[in-house]
Amino acid sequence: VLEPFCDAGIVYGESACGAASAYLSKILIKGGTVVNAHHQEVADVYIEDGIIVAVQNDIMVGDDVRIIDATGKYVMPGGIDPHTHLAMEFMGTETIDDFFSGQAAALAGGTTMHIDFVIPANGSLSAGYEAYVKKAEKSAMDYGFHMAITKWDETVSREMEVMVKDKGINSFKFFLAYKGSLMINDDLLLEGFKKCKSLGALAMVHAENGDAVFEGQKRMIELGITGPEGHALSRPPVLEGEATGRAIRLAGFVNTPLYVVHVMSIDAMEEIAKARKSGQKVIGEPVVSGLVLDDSALWDPDFQTAAKFVMSPPIRAPGHGKALQAALSTGILQLVGTDHCTFNSTQKALGIGDFRKIPNGVNGLEERMHLVWDTMVVSGQISVTDFVRVTSTEWFRKIMYFVLQGKVEVTISGGKVVWENDELKAVPSSGKYIEMPPYNYLFDGIGKTDAEYLSSLRAPVKRAVHTV
Ligand code: URP
Ligand code: ZN
Ligand code: ZN
Ligand code: ZN
């Protein structure tokens, strides 16, 4: 018998599973194979008012209970997408999926929570946060926030503390690319890492060398390459590898954990592998586009077809995706996001004649669970329990259920059926903001390694006496 997932011991279980009081609902999922991140077993799952109260065999219930037959199917925690951009203002336009349409897609694909990136407003964290609270008002599912840091001063430093202590944000993204807009330099990166460490917040990086990308773009334009293929050619894997290695080394220097978002290349993955092997606390997140696609479409003669595939870091040449899959299956990379950041054809057309103006971003929120299943589980690269870990519980152990076998049939969120028979049943403004506390497990032992580092410097205890 599996233990109930949403018990009092799971901090997030309460808020995640317990949108309970707003309505009464009783659901029995019968006869499915219940899977979590460490085991699987045929069992019934009984959910009352949004709380999973029993996971055992042959649960008997009354007439007032909705019964979902899951015989021959898997019953799994809802997916958590750790990387999305809904209603994001970017490259002169705003992503076409907002907090309702993007979430509708997520629920259709069995994802019941996502973490979106708050972009500061003119560098102000609090103004950015308020703007995203407004954007998210129409939410139909659980969501959380990371926050980008795009400039540095005393106010930003103070506001980071407010975000962690009062607003439930415990992860901050630093962009090493997008020169002239979101990009920051190493000076800021170090300040940011130090601040993250002092707050127990997780530092995240978009790792591409933005100065070199800028140079690469100039080269392509000079060569007369103005189409979407110029995007891939101007920012090759080596620039992702360089920035990943640099961010890892600087995080190691500060002694703070690092999360590398959208790992797209072998070059970046190998930097992460090396760091993890040396014992450094580095997490790598591949995204579905990087795992399952290659860059060939960027050479499609039809601009609209090619522009759909423009994101940063770019989708890579054949071979990179396979290597990223292998890294995911062996634990070098830990969890799968989407970087869902959608623009329609009119928006992508902003870059006709100059690939630098094509809004960067691809979809994935609806497709992620299916694609990871098809690519990783069906091929035997990961187990069904691994699937749950990399698509859901690795971000944190906040657990809900949905039913899946190749295709998502029913999605249950907060104890309510929100997707069934290819139909969305979730309503706007029923979603819930999930606060995330600082000091995750990656911070365990940091103080001890700090002490080791200081003693390795020997400076405070062993100063040389110089004679002149
Ligand atoms: O192309 C991308 N990845 N767009 C979204 C912004 C980001 O860098 O994550
Ligand atoms: Zn268990
Ligand atoms: Zn990014
Ligand atoms: Zn992103």
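General observations
- Kirkwood Rh and Cα Rg combined as Rg/Rh, the range 89-229: 1.02
- Highest average first, the peptides 150-157, 60-67, 189-196, 259-266 ordered by how many other beta carbon atoms sit within 10 Å of their residues are 259-266, 189-196, 150-157, 60-67.
- The range 79-396 - charge dipole about Cα centre, Lys and Arg +1 at Cβ, Asp and Glu -1, debye rounded to 20: 620 debye
- Förster radius 56 Å - calculated FRET efficiency between residue 162 and residue 317, Cβ distance, rounded to 0.05: 0.80
- Computing FRET efficiency as 1/(1 + (r/R0)^6) for residue 126 and residue 89, where r is the C-beta to C-beta distance and R0 is 22 Å, gives about 0.80.
- Pairwise alpha-carbon distances in the range 88-146 exceed 16 Å for 44% of all pairs.
- Share of alpha-carbon pairs per 10 Å distance bin for the range 316-416, given as whole %: 13, 36, 29, 18, 4
- Relative contact order for the chain: 21 percent, from Cα pairs under 8 Å spaced at least 6 residues apart, divided by residue count.
- Put a dot 7 Å past the Cα of residue 454, heading toward its Cβ, do the same for residue 137, and the two dots end up 4.9 nm apart.
- For the chain, the residue among 164, 371, 65 whose Cα projects farthest onto the positive side of the dipole built from Cβ charges is 164.
- Sorted by Cβ neighbour density within 10 Å, fewest at the top, the residues 181, 413, 379: 379, 181, 413
- Rounded to the nearest 20 debye, the dipole size of the range 142-222 about its Cα centre is 140 debye, using +1 on the Cβ of Lys and Arg and -1 on the Cβ of Asp and Glu.
- Sorting 455, 430 from the fewest to the most surrounding beta carbons within 10 angstrom yields 455, 430.
- Taking packing as the residue-averaged number of other Cβ atoms within 10 angstrom, the listed peptides 235-245, 415-425 run from highest to lowest as 235-245, 415-425.
- Cβ-Cβ distance of residue 354 and residue 238, R₀ of 30 Å, FRET efficiency by 1/(1 + (r/R0)^6): the value works out to about 0.80.
- Spacing of the two label points (7 Å from each Cα toward its C-beta) at residue 211 and residue 424, in nm: 4.5 nm
- Checking the Cα-Cα distances for 73/416; 173/197; 26/134; 134/195; 30/416 against a 23 Å cut-off, the pairs over it are 26/134; 134/195.
- Global geometry of the range 79-396, whether rounded, prolate or oblate, following the gyration tensor of its Cα atoms and the 1.5 cut on a/c: rounded
- Of all beta bridges that DSSP places with both ends in the chain, some 50 percent have antiparallel geometry.
- Distance from the range 193-219 to the range 326-391 (C-alpha centre basis), Å: 21 Å
- Translational D in µm²/s for the range 236-343 (Stokes-Einstein at 4 °C, 1.567 mPa s, Kirkwood Rh from C-alpha pairs): 91 µm²/s
- Residues 315, 221, 434, sorted so that the one with the fewest Cβ neighbours within 10 Å comes first: 221, 434, 315
No lab work stands behind these numbers, since they all come straight from the coordinates. Nothing here was measured: the structure is a model prediction, and the numbers come from that model. We place every Cβ from the backbone using ideal geometry, glycine too, and count neighbours over all the protein chains shown.
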